[in-house]
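Colleague: Questions regarding the structure given below will be posed in turn.
Please treat every number below as a calculation from the coordinates, not as lab data. Everything numeric here is computed off the predicted structure, so don't read it as measured data. Here the Cβ is made from the backbone with ideal geometry for all residues, glycine too, and neighbour counts use every protein chain on show.
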Amino acid sequence: MKTLITALLLVGICATTSFAGIRTLGRGATLTFDPAGIPPAYKKNFEIMRVRCVKCHTLERAVVAIQTGVAPISGQPFDRGATRAYGIKMLRKPDSNMSKQEVKSVVELMNYLLDQAAR
Amino acid sequence: MSYRSRCAVAALTVLGLVLAYAGQALAIPAFARQNKAECSTCHTIYPTLNEFGEAFMKNSYVWPGKPKAAAANSSPDARKEAMLLAGIPEMIPVSFRASLDAAYDPSQENKFDLSTRALQLQAGGAFRRLAGFFVTYNAYTEGPPKSSSTGVTPSNNNPDLQELFVQWRHAFGTPINLKAGRFEPDLTLWKTSNRLTIADLATQEYRVGDSPFAVGDPQDALELNGTIGPRVFAAAGIVNRKEQNTKEGYGHLECRIGGTDYLGNEPEVDLDSDSIWDYLSLTVGGYGYFGRNADAELGPYNDDYYRAGIDADLLYKRFRLRFSGVKGRDNAPNYTARNVANSLVMVGEAQYLFGSPVNLIGLFRYEYVDDASGISRNYIPSLVFAPIQNVKLTLEYQYKAESEHLGRTDSNDIALLPGTINRIGLIGASFSF
């Protein structure tokens, strides 16, 4: 019995770590993706996100959306099919100061992170 | 120090105090609290709505889209479930809006008037996704009487229930919403509060003769409204005016090309190529209102009247253009005799958002007001600044050239008395919490 419980617990722990398959740093307003967990191919994209996506709010929103699969405010699904629409929504805000190219890079990064989170 | 500069110093001190106070205010109003979203989700500079804010309003204060999903790893919340089952909003959905306005009007004896202030209680929300409700109660309001023409005082300047309505969403499973209570009938594209300036929009506030009717006034009414597809919105209703037996009726139709649609969806944007529709949106609306007023104390005649109006709202990135026009006809606006009064009011307004680092909008409005007793041409430049999202500071100048009608000449031109000119400077601060 004990072994069963231990086994179940182990499975549980593995499940949570693999659910949070992306590494983060900080909490709340300082929550961000751990740069060490971003592969070189996406470093440039992350740099854009780190600069552009914190103009109006912190990165917590993007991290939570990717970790949980649910957009934190609207409560709508945040999956590969939604990242582009959210990117466009942020782009079209009149004072966003973002270019389409920048949004495209961030959307690509979010898609990659979603895949990682789902592993 | 001259009297004027002392006044200016006093005004700046008041503004400073307001800012200092607002800087400490961490709270934000009812919808923001309920939806855990900042003001800028629905407003440019509050209380002006952006397209998503309009979609939220049209959707009976229910967040557009599917019912909110809980995050996969969130723990069940007993309190949340109990509130949901009871249909009660999780938080008491109440907030306040305070306004302080100061006017400099050289034509008045009391040239510099600091006495305009108001405190409004606002409540709003939704019972599950079944019905939305909205309440505004003017808890306290004080200001110079409307006749002083400073334009600072809201037309509903009395401690009173201004709006109280419920909207049954998608009644009987149809796409139609049923709204009942006291509210501003859906006539123009914008609620009267949906403006940046201290001055009301002339199309919404003008009255003819002794008629109590104005397009922007709240009424006791019953309305059916709904979206037809994602880009057309229609409304029709009946009004039961206090102490009147006859019912009044109205209809409204609007549509939007480009921009966020009425269901809150963003437009299709190709991230690889540019199109003018990435940022351009045009909303056009029209309405008609038919009514009859009587006032036995003023005269024996009924005033049968109508108003017909068109509006347009054009948005491109930081630019916004608004146009609003209304034509009216009253057949006995003074109740004493049949004398037809034709009225015509037109407003054009251009806005530009400067944006970060200062959240500032500059605007210019021109108004042509022929209310059948005279013509007024108003020029209103204004600077509106939001140091933080729940605070709005306004610096406004109103130049009004007014002249009275003498009646129509043989050639059917309108003869006018030599006019008067009013110049008014206004400073306003308002904050919500």
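Colleague: Estimate the FRET efficiency between B:THR246 and A:ASN97 by the formula 1/(1 + (r/R0)^6), using the beta-carbon distance for r and 56 Å for R0, to the nearest 0.05. Walk me through the numbers on the way to the answer.
Modeller: Values: r = 55 Å, r/R0 = 0.98.
E(calc), rounded to 0.05, equals 0.55.
Colleague: What is the average number of partner chain Cβ atoms found within 10 Å of a Cβ in B:168-175?
Modeller: Going residue by residue through B:168-175 and averaging, the value is 0.
Colleague: In what order do B:LEU353, B:LEU298 fall by count of nearby beta-carbon atoms within 10 Å, going from fewest to most?
Modeller: On the way: B:LEU353 19, B:LEU298 15.
Final ranking by Cβ density, sparse to dense: B:LEU298, B:LEU353.
Colleague: Additional query: Points 7 angstrom from Cα along the Cβ direction at B:CYS255 and B:TYR368: gap in nanometres?
Modeller: Label-label distance for B:CYS255 and B:TYR368, simple model: 2.7 nm.
Colleague: So what does the Cα-only Debye profile of the stretch A:17-118 read at q = 0.13, 0.17, 0.22 Å⁻¹, as log10 I(q)/I(0), no solvent term?
Modeller: Taken in order of the listed q values, log10 I(q)/I(0) reads -0.40, -0.72, -1.29.
Colleague: Take the residue pairs B:LYS317/B:LYS392; A:LYS89/B:LYS68; A:LYS93/B:LYS327; B:LYS68/B:LYS191 and return only those whose Cα atoms are more than 25 Å apart.
Modeller: From B:LYS317/B:LYS392; A:LYS89/B:LYS68; A:LYS93/B:LYS327; B:LYS68/B:LYS191, over 25 Å: A:LYS93/B:LYS327; B:LYS68/B:LYS191.
Colleague: Using label points projected 7 Å from each Cα along Cα→Cβ, tell me how many nm separate B:ALA86 and A:THR58, to one decimal.
Modeller: 3.1
Colleague: Treat each spin label as a single point 7 Å out from the Cα along the C-beta direction, and report the B:ARG117 to A:ASP115 distance in nm.
Modeller: 6.1
Colleague: Okay, which of the stretch B:35-63 sit inside 19 Å, backbone N to the point 7 Å along the Cα-Cβ direction of B:ASN265?
Modeller: B:51-60, B:62-63
Colleague: Across peptide A:66-77, how many C-beta atoms of other chains are within 10 Å of each residue C-beta, on average?
Modeller: The shielding value for this peptide is 5.
Colleague: How much net charge surrounds B:SER193 when only other residues with a Cβ under 11 Å from its Cβ are counted (Lys, Arg +1; Asp, Glu -1)?
Modeller: Summing Lys/Arg as +1 and Asp/Glu as -1 gives 0.
Colleague: Could you put B:TYR305, B:TYR316 in order, starting from the residue whose Cβ has the fewest other Cβ atoms within 10 Å?
Modeller: Ascending Cβ contact count within 10 Å gives the list B:TYR316, B:TYR305.
Colleague: Turning to a different aspect of this structure: Fewest first, what order do B:MET83, A:MET98 take by the number of other Cβ atoms within 10 Å?
Modeller: Fewest to most other Cβ atoms nearby, the residues stand as B:MET83, A:MET98.
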